[in-house]
Amino acid sequence: MTSRVGPKGQVVIPKRIRDQLGIVPGDEVDFALEEGAVRVEPVRFRPSLRGALAGVALTEVLEADRRTERDR
């Protein structure tokens, strides 16, 4: 299967391959250069870090750590 690079440097992943990999519009893909070839694979799971530190009193922890260091 071949595809042509468009004027913006874009290449269309053939439908048969998208279907086999389960890639749908809006999905993210990773690119890697391997031995002179480009590897394209779907990003399956990349958890969001949003809210990961919710409820953690970072300011208080930092202030306590600085007090401990200062008192040494």
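Summing charges over neighbours of residue 40, with a neighbour being any other residue whose Cβ is under 13 Å away from its Cβ, gives -3 when K and R count +1 and D and E count -1.
Max-minus-min Cα coordinates of the chain on each principal axis give 68, 27, 23 Å, with the largest extent listed first.
Taken together, the values in this text are just the output of simple stated rules run on the coordinates, not laboratory data. Nothing here was measured: the structure is a model prediction, and the numbers come from that model. Here the Cβ is made from the backbone with ideal geometry for all residues, glycine too, and neighbour counts use every protein chain on show.
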